[in-house]
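To start, the structure under review is shown below, and the notes come after it.
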Amino acid sequence: QVQLVESGGGLVQAGGSLRLSCAASGRTFSTYGMGWFRQAPGKEREIVAAISWSGGRTHYADSVKGRFTISRDNAKNLAYLQMNSLKPEDTAVYYCAQTNRPYGLGQYEYNYWGQGTQVTVSS
């Protein structure tokens, strides 16, 4: 059974940084694409970033390009989201997810989800 556990969320001032981690277990991590999504109050869940099984391909939402970096360590079964220059509009619950495919860009492509971690950016 696949399990994904996020950590690293918290409260930070605008302009600050956080690094989210996602620990995966239950199957061969290096085979599958990973993604980070977020959902703000009253808004739909949206993709933030995605990374392919090898780390060779990445995708970012326009709103986070140049500020966020997705990465993975296949030896440790971990995925990361480094968030710099945080803005109040980045406030949301952040979820990591795993697809059954080598790479995925749509929410419908992701089969397993973590419980989420709250990120709050104060102005």
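The numbers here are math on the coordinates, done by the rules we state, and not lab data. In this text, all values refer to a predicted model and were calculated from it rather than measured experimentally.
Listing for the model above:
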{"read-out": "Shape category assigned to the chain from the gyration tensor of Cα positions, a/c cut at 1.5", "value": "prolate"}
{"read-out": "Backbone HN-Hα couplings from phi across region 35-46 [Karplus 6.51/-1.76/1.60, Hz, Gly and Pro as x]", "value": "x, 10, 10, 8, 9, 8, x, x, 10, 6, 5, 9"}
{"read-out": "Anisotropy class of region 80-123 from Cα gyration tensor, a/c 1.5 cut", "value": "prolate"}
{"read-out": "Global geometry of region 1-46, whether rounded, prolate or oblate, following the gyration tensor of its Cα atoms and the 1.5 cut on a/c", "value": "prolate"}
{"read-out": "Phi to ³J(HN,Hα) by Karplus 6.51 cos²θ - 1.76 cosθ + 1.60 over region 11-18, Hz, x for Gly, Pro", "value": "9, 9, 7, 4, x, x, 10, 9"}
{"read-out": "In order through region 51-60: 3J(HN,Hα) via Karplus (6.51 cos²θ - 1.76 cosθ + 1.60), integer Hz, x for Gly, Pro", "value": "9, 6, 4, 8, x, x, 10, 9, 9, 10"}
